[in-house]
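Take a look at the structure below.
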Amino acid sequence: MALKEYPSEELAAQPIGAWSGEAYRRVVGALRAQLAVEDLTQPHWWTLNHVAGAPGRWTRAALTERLARYDDQDTDFDGVYDDLVRRGWLTEDEGRMTLTGEGEAGRLRAAERNRRVHRQTHEGIPTADFVTTINVLRRMVANLGGDGDLPDRGV
């Protein structure tokens, strides 16, 4: 889909908060919709990925502390962990979490759904432009007192 062309001066005067907010709502909405097909939420997805990346490392308390900074839904993380245990996707041994085979299969299905959204989001955007956009947003975050560093992978 082609975008209408505008003069640089007009684009430079656009409210970044409005555009970044709209992009956030669209991207996160698309991701959440795809996860919902698997009856998952973003916190389920975060949990599955962290536990898959470091089986037996994460306790509930440590993982909740790690994930809470990304949460914008007042998530009951114990409820998420309990749900994954009830499904048979997650086990806990001495308080440390590990995915089951069924949990890993669900994680892989959800990962493919997320990759579809990622591909759709990147359509028509050269990699160099995407990288520039990420760096511009990182700089804006840092300029306003936030952490402009990339989050570590948590594993």
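Assign one of three labels to the stretch 1-40, namely rounded, prolate or oblate, based on the Cα gyration tensor with a ≥ b ≥ c the square roots of its eigenvalues; rounded applies when a/c is under 1.5, prolate when it is not and a/b is larger than b/c, and oblate otherwise. Don't skip to the answer; put the middle values down first.
On the way: a/c = 8.21, a/b = 2.47, b/c = 3.33.
Verdict is oblate for the stretch 1-40.
GluC sites (Glu not before Pro), restricted to the stretch 93-155: which are DSSP loop and have at most 15 other Cβ atoms within 10 Å?
Working: sites: 94, 102, 104, 112, 123; in loops: 94, 123.
When the GluC sites (Glu not before Pro) of the stretch 93-155 are filtered for loop state and at most 15 Cβ neighbours within 10 Å, 94, 123 remain.
What is the dipole size for the stretch 66-112, taken about its Cα centre, with +1 at each Lys and Arg Cβ and -1 at each Asp and Glu Cβ, in debye to the nearest 20?
Details: 7 positive and 13 negative charges, 43 e Å.
So the dipole magnitude of the stretch 66-112 works out to roughly 200 debye.
Solvent-accessible area of residue 8, probe 1.4 Å, all protein chains present, reported in Å² to the nearest ten, please.
For residue 8, the solvent-accessible surface is approximately 90 Å².
Within 10 Å of each candidate Cβ there may be at most 14 other Cβ atoms; applying that plus a DSSP loop requirement, which trypsin sites (Lys or Arg not before Pro) in the stretch 65-125 survive?
Values: sites: 66, 69, 86, 87, 96, 107, 109, 113, 115, 116, 119; in loops: 69.
When the trypsin sites (Lys or Arg not before Pro) of the stretch 65-125 are filtered for loop state and at most 14 Cβ neighbours within 10 Å, 69 remain.
With a/c under 1.5 counting as rounded, go ahead and sort the stretch 65-155 into rounded, prolate or oblate using the C-alpha gyration tensor (a ≥ b ≥ c being the square roots of the eigenvalues; past the cut-off, prolate if a/b is larger than b/c, else oblate).
Numbers: a/c = 2.87, a/b = 1.60, b/c = 1.79.
Oblate, because a/c is 1.5 or more while a/b does not exceed b/c.
Which value at 222 nm does the chain reach when only helices count, each DSSP H run of 4 or more adding -39,500 (n - 2.57), with the total divided by all residues and rounded to the nearest 500 deg cm²/dmol?
Result for the chain, helices only: -20500 deg cm²/dmol.
Along the charge dipole of the chain, which of 49, 118, 29 sits closest to the positive end, that is, farthest toward it, with unit charges on the beta carbon of Lys, Arg, Asp and Glu (+1, +1, -1, -1)?
It is 118.
Kindly report, to the nearest 10 Å², the accessible surface of residue 152 as traced by a 1.4 Å probe over protein heavy atoms only.
Rounded to the nearest 10, that gives 100 Å².
Residue 24 to residue 140: extension gain in nm, 0.36 nm per residue of separation minus the Cα-Cα distance?
On the way: separation 116, 0.36 × 116 = 41.76 nm, distance 1.51 nm.
Answer, rounded to one decimal: 40.2 nm.
At 7 Å along Cα-to-Cβ for each site, give me the label-to-label distance between residue 87 and residue 127 in nm.
It is 3.2 nm.
If you count only protein heavy atoms and use a 1.4 Å probe, how large is the accessible surface of residue 98, to the nearest 10 Å²?
Only protein atoms counted, so the area is about 50 Å².
Determine the dipole magnitude for the chain: charges of +1 sit on the beta-carbon of Lys and Arg, -1 on that of Asp and Glu, nothing else is charged, the reference point is the Cα centre, and the result goes in debye to the nearest 20. Can you show the working numbers first?
Details: 20 positive and 25 negative charges, 78 e Å.
It comes to approximately 380 debye.
The values are calculated or read from the model by the stated rules, or taken from the named source; none is laboratory data. All values derive from a computational prediction rather than experimental measurement. For neighbour counting, all protein chains shown are included, and Cβ atoms are generated from backbone atoms with ideal geometry for every residue, glycine included. Keep in mind that these areas ignore ligands, DNA and RNA; they rest on the heavy atoms of the full protein, side chains included. Shrake-Rupley method; radii C 1.70, N 1.55, O 1.52, S 1.80 Å.
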